[in-house]
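One structure is given below, encoded as structure tokens.
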Amino acid sequence: MNALFARIVVLVSGAAILVVETLATRLVAPYVGLTLESTSAVIGVALAGIAAGASLGGRWADVLPPRRVAAGALAVGGLGVLAVRPMVRVLGPALGPGPLAAIVLVAASTLVSVTALAMVTPSVTRARLAHVEGSGAVIGGLSAAGTVGSLAGVFLTGFVLVTLLPMGMILLVTAVACLVLAAVTAAVPTRRSVTGTAVAAAVLATALVAVPGRCDVDTVYYCASVRTDPADPDVRVLVLDDLDHSAVDMADAANLRFAYTRRFADAIDTAFPAGVPLDAVHIGGGGFTMPRWLAATRPGSASTVLEVDEGVVDLGRRELGVDGIPGVDVRIGDARSLLAAVPDASADVVVGDAFGARSVPWHLATAEFVADVHRVLRHDGVYVLNVIDHDPWQLLAAEVATLSHKFPHVAVLVRPEQLARGGGGNAVIVASDLPIDVAALAERAAVRGEPGSVLDGSAALRLAGDAPVLTDDWAPVDQLIS
């Protein structure tokens, strides 16, 4: 095996490992959520596979022709890459969410491919080592080629490929590259081995496309889909990964279907006179439920929507009529970076409704971010924040403490049964520099059949207790919600 070809083989195998690892987080998210635990599971399983593959590749290359070991590893790795997505789609619904499920799902779907591809470098290295002299240069050069391949895999996938190609196509191209190299690497591939590999590849490639998934579209960040509510054909529900994120009544924008959006509306309507147009900044777009509601109930309102995922916005334009909402300015990018460019005292309302799976993204939950929200709000402005949590409500308590650190007036909107032992769901925090009309909020909740759903400032602080203020230095939102 000449030096150039050896480096190409190692580079491609290294790239393929990182393609699988980078996409695995997205592939498992619709079933186990996109959390720190699921990300850690992907990294942990990949490292375990790399370690196992390095050991096995070296051992087998000592007892078998190393070129054959490399070719076999590439073939198995390529077939494994083709199997990743079908395995996730078959096993994901059965395993469900949770940290343990994430580890099992990632291991079952990616461990074989990563382990096989990690065998390539030691076997190719063994094939290149003819003498002790110069072995350092061989080992170093191939190690560098593998690292360059890994860098190419992660950067090309994360920054380029996911914006150009569906995930299934990325996996298919990666697998084909591995299988072609396997055939070329084998000194004399037999007809039986080529036929068997081709048949297996054809079956797995078909499964890659044919096994149904949950997405209308794979965006950069989400498996996204829009479904019609079976109880009301006018209502469309935006599903991101494994959660219903937004509900939109296409016939009546003022009809808010989710409880937390009704709480948003209560907070806004008690803070400002009815019908008065408002300037709002929305942290997260989703189905654009609240911009749509503001435009319908307060004509002339201006909504600046900060949404990180352009694919979600495009889906909303196609399926939810987002382009037809008046007064909406969509800005694509990370909400924290985009909010920094919003002028001081330019908003009446900031709506916090951004999620990475079940939790507020950590950098949008800290005191530093809250300070920027406070900067953007006018003196009589209101910040409303949607928080998903459950008993013992550690994340909600920490968020109340964090908002209270900057805003003198804070209230929490949550049904009493949610706060009971074993309860959970969405809670809304309302924060303002001016006193919050708690009585009006309570009256609105009671009219809807939700008495006792408003915690005033003192009750909110009791809920917070001694919870710490979240900061950029310490904000373990995934662990708090767990």
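The values are calculated or read from the model by the stated rules, or taken from the named source; none is laboratory data. Everything numeric in this text was worked out from a predicted model, so none of it was measured. Every residue, glycine among them, receives a Cβ derived from its backbone with ideal geometry; neighbour counts consider all protein chains shown. Heads up: the accessible areas ignore ligands, DNA and RNA and are worked out on the full protein's heavy atoms, side chains in. Shrake-Rupley method; radii C 1.70, N 1.55, O 1.52, S 1.80 Å.
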Under the helix-only model (-39500 (n - 2.57) for each DSSP H run of 4 or more, divided by the residues of the chain), the mean residue ellipticity at 222 nm, to 500 deg cm²/dmol, is -18000 deg cm²/dmol
Karplus ³J(HN,Hα) for segment 451-464 (6.51 cos²θ - 1.76 cosθ + 1.60, θ = phi - 60°; Hz, whole; x = Gly/Pro) runs x, x, 8, 10, 9, 6, x, 5, 5, 5, 5, 5, 4, 5
Please give the solvent-accessible surface of Tyr383 in Å², to the nearest 10, using a probe radius of 1.4 Å with every protein chain present. 0
Quick one: accessible surface of Arg262, probe radius 1.4 Å, all protein chains present, in square angstrom to the nearest 10. 70
Restricting to the chain, compute how many DSSP beta bridges are antiparallel as a %, nearest 5. 60
Determine the per residue accessible area of the chain with all protein chains present and a 1.4 angstrom probe, expressed in square angstrom. 42
Charge dipole (the chain, unit charges on Cβ, about Cα centre) - positive-most of Val90, Val382, Ala401: Val90
Label-point gap, in nm, between Ala439 and Leu100 - each point 7 angstrom along Cα→Cβ: 5.2
Which value in nm describes the separation of the simple spin-label points at Arg378 and Arg421, placed 7 Å from the Cα toward the beta carbon? 4.8
Normalised per residue, the volume of the convex hull around the Cα set of segment 332-385 (Å³): 76
Gain upon complete extension [Arg462, Arg318; 0.36 nm per residue less C-alpha separation]: 47.3 nm
Can you give me the angle between helix 191-210 and the longest principal axis of the chain, using Cα atoms only, in degrees from 0 to 90, rounded to the nearest 10? 10
For His379, tell me the accessible area in Å² from a 1.4 Å probe, rounded to the nearest 10. 130
Proportion of all alpha-carbon pairs of segment 70-137 beyond 13 Å (%): 68
When a/c reaches 1.5 or more, the comparison of a/b and b/c decides; with that in mind, is segment 335-450 rounded, prolate or oblate per its Cα gyration tensor? oblate
With r defined as the distance between the Cβ atoms of Asp229 and Val194 and R0 fixed at 56 Å, what FRET efficiency is calculated, to the nearest 0.05? 0.65
Under the Kirkwood approximation for Rh and a Cα-based Rg, what ratio Rg/Rh is obtained for the chain? 1.07
According to the Cα gyration tensor, what semi-axes, each the square root of 5 times an eigenvalue, does the equivalent ellipsoid of segment 91-130 have, listed from largest to smallest in whole Å? 35, 8, 4
Taking Cα centroids, how far is segment 383-410 from segment 423-455 in Å? 13
How would Cys178, Cys215 line up by accessible area, probe 1.4 Å, largest first? Cys215, Cys178
Kirkwood hydrodynamic radius of segment 121-254, Cα pairs, Å: 19.4
Potential extension, Glu133-His405 segment - 0.36 nm per residue separation minus Cα distance: 91.4 nm
log₁₀ I(q)/I(0) of segment 383-458 at q = 0.11, 0.15, 0.24 Å⁻¹, via Debye over equal Cα point scatterers, no solvent, to two decimals? -0.25, -0.48, -1.15
In degrees, nearest ten, helix 167-185 long axis to first principal axis of the chain (Cα): 10
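Report the full-extension gain for the segment Arg448 to Asp244: residue separation times 0.36 nm, less the Cα-Cα distance, to one decimal in nm.
The Arg448-Asp244 span can extend by a further 71.2 nm.
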Between the residues Ala440, Pro326, Val112, the Cα farthest towards the positive end of the dipole of the chain, that dipole coming from +1 and -1 charges on the beta-carbon of Lys, Arg, Asp and Glu, is from Val112
With +1 on the Cβ of every Lys and Arg and -1 on the Cβ of every Asp and Glu, and nothing else charged, how large is the dipole of segment 10-99 about its Cα centre, in debye rounded to the nearest 20? 240
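Work out the FRET efficiency for Phe5 and Val63 from their Cβ-Cβ distance, taking R0 = 30 Å, and round it to the nearest 0.05.
Given R0 = 30 Å and the Cβ-Cβ separation, E is 0.85.
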Modelled label-to-label distance, Asp329 and Ala183, 7 Å Cα→beta-carbon offset: nm? 5.6
Which order do Thr39, Thr289 take when ranked by solvent-accessible area (1.4 Å probe, heavy atoms of all protein chains), largest first? Thr39, Thr289
Order Ile50, Ile103 by their accessible area, 1.4 angstrom probe, all chains in place, largest first. Ile103, Ile50
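So, with a 1.4 angstrom probe, what is the percent of accessible area on the chain that is carbon and sulfur?
62
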Global geometry of segment 258-407, whether rounded, prolate or oblate, following the gyration tensor of its Cα atoms and the 1.5 cut on a/c: rounded
Could you work out the equivalent-ellipsoid semi-axes for segment 95-169, taking the square root of 5 times each eigenvalue of the Cα gyration tensor, largest first, in whole Å? 33, 18, 10
For the chain, find the longest principal axis of its Cα atoms and tell me its angle to the long axis of helix 310-319, 0 to 90°, nearest 10. 70
Compute log10 of I(q)/I(0) for segment 1-130 with the Debye formula, placing one identical point scatterer on every Cα and leaving out solvent, at q = 0.09, 0.20, 0.21 Å⁻¹, to two decimals. -0.27, -0.97, -1.04
